[in-house]
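Inspection log for the structure reproduced underneath, given as structure tokens.
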């Protein structure tokens, strides 16, 4: 089996994978980074969103081998010790999560939104989140959390 | 108010782990020596199993074992049971054909389980599953409930595919009232099949330990003890004390994770056969095919009224789709959780319901968020709306006129329930104010100027939840008691561990229950840990569904806390050299009444575990268990109002405003309760506008079998919601609480459809009201104008 190497959450990692192994499976199975979740098999749900070279991407849409040499950031690499990232903090403060399963993908996706658009309107947030499904919150508090994080991160 | 007591929007304890990727869901767990299971599923809706050839799969690389229904039959494995016996009109029990974990002789829906392939890796199991050769004898199939009784028979012991023909209420009195009515509003409607779609797919690991001859099952379950009971007592014939079920973090359930399914049954059974752990995780396609679905009713309803619009009778005839087999609680959903709610918030004097439950070649149907109550609410609030339009009455005022008045409680409905308390007019008034009803016509005119159609829709719902008084449900056919348990254990150093039979899969129990215990015992919120989801550590519990966790599970916690305080008083009396009768407990301190002599509860707990100077006859330790069996259901109720704006050129519908005013009794954590309302509304809007589980009527294939085809509500399909509350306290549980988990999903669908039909000027539109349907209706309305 071929070997793949990349940087994940600041650490150099490598592992043997099959050609068909997805990045999401590599993170979960080889690296035991199980915060990246798998909620579907058609790249719709967004629970597996991570950052690859700074951009949010559904990690089930990438073969592990395609991430050779890449910088990958997962939900586990976001907080600084026990200090949550402002987006994580805003999700907690505004009850932007219930069962927690879609949450890692939501948070990673929302951070990328603010990178592109530091002051998004409610419509822009809802539009961006089309690729992330949540079955618990009705998105109401997710939108609120992202608005609050945007304000916090601008100030 | 402290920010962690009752009534505070305390931020959740569980969030830290979920936000940092440290949650532990079933698929995150791996066991030493683990193997992977992949199921071979039927591609046909209805077929005989002539031959299942596993030889090629067995010799494939990495394969450990392949099992079929025959292997389980030879091993004496039983049928997945239905736990609720419904007695039909003639006094006979429902038809309950066997439901084997792996099919024997016949498959009855696309996705039915034919064989399991177990291999060293998931990829090897997947590859080998394709090598299982099945010789099917294809038979004609039927997926439509309305045609089921004339369709090819699925089960030998269920003629006409009829599970039961059941009734409730006084049919004669209803027919007489209808014959004398000033007006009868009539409606034929479909309550569309839904697929629950918790974002975490189901998963299970079965593990057998030869040394202790015992099993551990890790499972995405809402009720680990119930799963254990079903597997042990009915299916696998295992000793209950040798089976431990762990439901760790679970990513949403909405009902679909109540049931004992084929997959965890097979993993558990196979783990002993191969003496290695067996893991299975559903792919989403499997979730669509084989999770229990919801709703799927076809109904005719008639509402009779006098000339003033007072309701005089309601008659309902429903055909309910059970799917191919009975899921664990399938039978009670379209009966005791449906027809019993047909009074709604109204004082309709006589009601009759007839329900025919039928088998079809589709996935089993069981409870999905609301379970029976959304179906009842939808037909009732739709026919009330039709009545208002036909009688040319204001829909809000027609409802108000028929509400059960606040002084009529406790109120016996004609369909077997006793509502303990409520104030429906208060919720309506608040909702009308919040949505600014009096200026609706101006908003409608403003929309018209922009070429848009605006409509407003009401839904005045009630639900029976906090499931349920054991004696009552037992008399109605339930095979289980529906109490809940709690154990409150003081640790010697003053912290508290609370063990609850309720299970949290998004509801935030670790926070709400800690707030309850903190307030009751006066212990810091941070010093309280809620333990749930592991039969190895919690007392026997019944789990979470039917909006029962706080009303039933929370009441059990309260009772256990009360026992702790009672015992603490005896210990404190000894420490303070006072009579027990003189000891008061308040805010974490035992005090001699009228003095400043006191001992903190932590000091008392320490004395209980280090009983060197201790009252005679009192046991050491401060660790109390309580079971709570509710005296009645709780009856949350409220009014939701939806305002929509439709673009007649595209059929696009925008939810312009949403107001929810709910009465949940006492609220422990408003932030969490509002979150439950938001999520419920989203699922209800999903049903009304987007979601529909569709099987092809010819082939029986599930057409909506992926997120590419089944339209889940996305962020841009929904608005922000305005949530208000009224409060009448539940009269029969110690907390005065009701239940909030299902309310939104129950209330929302008729509010949406009433608004859309109001905007379009049509009487009815079946769900989901897709853009196509709306566009067609809008075009039809236009045609007379075009001809002019």
| request: Please work out the Cα convex hull volume for the range A:90-133 and give it in Å³ per residue. | output: 75 Å³
| request: May I have the convex hull volume per residue, in Å³, for the Cα set of the range B:49-131? | output: 127 Å³
| message | I'm a student and want to see the number: the projected area of the Cα convex hull of the range B:627-714, averaged over all directions, in nm². | response | 10.4 nm²
| When the helix-only estimate is applied to chain B (DSSP H runs of n ≥ 4, each -39,500 (n - 2.57), divided by the residue count), what is the mean residue ellipticity at 222 nm, nearest 500 deg cm²/dmol? | -8000 deg cm²/dmol
| For the range B:323-380, how big is the tail of P(r) above 16 Å, as a whole percent of Cα pairs? | 46 percent
| remark: A student asked for the Cα radius of gyration and Dmax of the range B:447-515 in angstrom ought to give 22.4, 71
| message | If you average 1/r across every pair of different Cα atoms in the range B:384-473 and take the reciprocal, what Kirkwood value do you get, in Å? | response | 15.8 Å
| field | Cα-based Kirkwood hydrodynamic radius, chain B, one decimal, Å | value | 27.7 Å
| remark: Expected sort for B:269, B:483, B:775, B:658 with the fewest Cβ neighbours (10 Å cutoff) up front is B:775, B:483, B:269, B:658
| said: Tell me the relative contact order for the range B:115-265 as a rounded percent, counting alpha carbon contacts under 8 Å between residues six or more apart. | reply: 16 percent
| field | the protein assembly as shown pair-distance distribution - Cα-Cα, 20 Å bins, rounded % | value | 14, 45, 34, 7, 0
| query | Which residues in the range B:509-529 place their backbone N less than 20 Å from a point set 7 Å from the Cα of residue B:16 along the Cα-to-Cβ direction? | reply | B:509-519, B:523-529
| query | Can you give me the Cα centroid spacing of the range B:232-294 and the range A:1-73 in angstrom? | reply | 28 Å
| field | Neighbouring partner chain Cβ atoms per residue of B:170-179, average, 10 Å criterion | value | 0
| message | Can you give the log10 of the normalised intensity I(q)/I(0) at q = 0.19 Å⁻¹, computed with Debye over equal Cα scatterers of the range B:97-214? | response | -1.30
| note | the range A:16-155: relative contact order from alpha carbon pairs under 8 Å, six or more residues apart, as a whole percent, is 26 percent
| Based on the Kirkwood radius over alpha-carbon pairs, what value in µm²/s does the Stokes-Einstein equation return for the translational diffusion coefficient of the range B:630-788 at 25 °C and 0.890 mPa s? | 141 µm²/s
| remark: If each part is reduced to its alpha-carbon centroid, the range B:185-212 and the range B:308-380 end up apart, in Å, by 19 Å
| remark: Percent of all Cα-Cα pairs per 5 Å bin for the range B:451-561, counting from 0 up to the last occupied bin, reads 2, 12, 20, 19, 15, 10, 7, 5, 4, 3, 2, 1, 0, 0, 0
| remark: Computed over the range A:1-66, the convex hull of the Cα set has an average projected area, in nm², of 4.1 nm²
| task | Kindly work out what percent of the DSSP beta bridges joining two residues of the protein assembly as shown are antiparallel, to the nearest 5. | result | 80 percent
| remark: Relative contact order in percent for chain B (Cα pairs under 8 Å, 6+ apart) equals 15 percent
| note | Taking the range B:557-601, the equivalent ellipsoid from its C-alpha gyration tensor has semi-axes in Å, biggest first, of 18, 10, 8
| message | Quick check of the Kirkwood formula: for the range B:685-771, what is the inverse mean of 1/r over all pairs of different Cα atoms, in Å? | response | 16.0 Å
| Euclidean distance of C-alpha centroids, the range B:599-671 and the range B:690-738, integer Å | 21 Å
| query | Taking a quarter of the surface of the Cα convex hull of chain A, what do you get in nm²? | reply | 8.7 nm²
| query | To the nearest 0.05, how large is the calculated FRET efficiency for residue A:127 and residue B:156 if R₀ is 56 Å and r is the Cβ-Cβ distance? | reply | 0.55
| said: Can you sort A:6, B:765, B:540 from fewest to most other Cβ atoms within 10 Å of each residue's own Cβ? | reply: B:540, B:765, A:6
| said: What would the Debye equation give as log₁₀ I(q)/I(0) for the range B:1-69 at q = 0.18, 0.19, 0.23 Å⁻¹, counting only Cα atoms as equal point scatterers? | reply: -0.91, -0.96, -1.10
| Rounded FRET efficiency, nearest 0.05, which uses the C-beta distance separating residue B:61 from residue B:90 and R0 of 51 Å | 0.35
| Of all the C-alpha pairs in the range B:180-263, what % are more than 18 Å from each other? | 53 percent
| note | Share of Cα-Cα pairs in the range B:477-524 beyond 15 Å, whole percent, is 53 percent
| said: Return the Rg/Rh ratio of the range A:54-112 with Cα-based radii and a Kirkwood Rh. | reply: 1.00
| said: Can I get the semi-axes of the range B:353-436's equivalent ellipsoid? Compute them from the C-alpha gyration tensor as square roots of 5 times the eigenvalues, in angstrom, largest first. | reply: 29, 18, 14
| Is the range B:375-420 rounded, prolate or oblate when judged by the Cα gyration tensor, a ≥ b ≥ c being the square roots of its eigenvalues, rounded requiring a/c under 1.5 and prolate requiring a/b larger than b/c? | oblate
| task | Would you please report the Å³ per residue occupied by the convex hull of the alpha carbon atoms in the range B:266-305? | result | 126 Å³
| If you take the Cα Rg of the range B:132-279 and divide it by 2.2 N^0.38 Å, with N the number of residues, what do you get? | 1.54
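None of the figures in this text is laboratory data; all of them are computed from the coordinates on show. In this text, all values refer to a predicted model and were calculated from it rather than measured experimentally. Positions of Cβ are backbone-derived with ideal geometry, glycine not excepted, and every protein chain shown enters the neighbour counts.
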